[in-house]
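Participant: This structure is in structure tokens; I'll ask about it shortly.
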Amino acid sequence: MDSNMSQKGFLRLNQVLELLPIGKSTFWAGIKTGRFPRPVKLGVRTSAWRREDILALLEKFGKEGQQ
């Protein structure tokens, strides 16, 4: 199996917020300002985030915290 397979796929908002210690409105505000990745529309009422975008965001925050 490809080692990148675990990084593929989509996360819904509740799954993203389980990984980030912020609230929903803060997350949406961060999307608006460009701090957080924009969602992908999967349907008329369905948005999700690319798993690799969220993992990259977590990695970025981890590096910022080490400085």
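The values are calculated or read from the model by the stated rules, or taken from the named source; none is laboratory data. Since the model is a prediction, treat every value here as computed from it, not as a measurement. Heads up, the Cβs are rebuilt from the backbone with ideal geometry, glycines too, and the neighbour counts pull from every protein chain shown. Side chains included, ligands, DNA and RNA excluded: accessible areas come from the protein's heavy atoms. Shrake-Rupley method; radii C 1.70, N 1.55, O 1.52, S 1.80 Å.
Participant: Reachable lysines from Lys8, Cα under 21 Å, same-chain residues fewer than 8 places away excluded?
Facilitator: Lys41, Lys60
Participant: While we're on this one: Starting at the first residue of segment 38-50, write each ³J(HN,Hα) from the Karplus equation 6.51 cos²θ - 1.76 cosθ + 1.60 with θ = phi - 60°, in whole Hz, x for Gly and Pro.
Facilitator: After applying 6.51 cos²θ - 1.76 cosθ + 1.60, I find 6, x, 9, 7, 9, x, 4, 10, 10, 10, 8, 10, 5 Hz.
Participant: Give me, ordered by chain and number, the residues 5 or more places off Ser47 or on other chains with an amide H under 5 Å from its own placed amide H.
Facilitator: Sorted by chain and number, the residues that satisfy this are Leu42.
Participant: Nearest 500 deg cm²/dmol is fine: what mean residue ellipticity at 222 nm does the chain get from its DSSP H runs of n ≥ 4 alone, each adding -39,500 (n - 2.57), divided by its residue count? Show your work: numbers first, answer last.
Facilitator: Numbers: 3 runs with 33 residues, N = 67.
Mean residue ellipticity at 222 nm (helix-derived): -15000 deg cm²/dmol.
Participant: What are the residues whose amide H is under 5 Å from the amide H of Phe10, where those residues sit 5 or more places off or on another chain and H is modelled from the backbone?
Facilitator: Arg51
Participant: Compute the signed sum of charges (Lys and Arg +1, Asp and Glu -1) over the other residues within less than 15 Å, Cβ to Cβ, of Thr26.
Facilitator: On the way: positive: Lys24, Lys32, Arg35; negative: Glu18.
Around Thr26, the charge tally is +2.
Participant: Report in % the part of the accessible area of the chain that belongs to carbon and sulfur, leaving out ligands and nucleic acids; probe 1.4 Å.
Facilitator: Carbon and sulfur atoms account for 50 percent of the accessible area of the chain.
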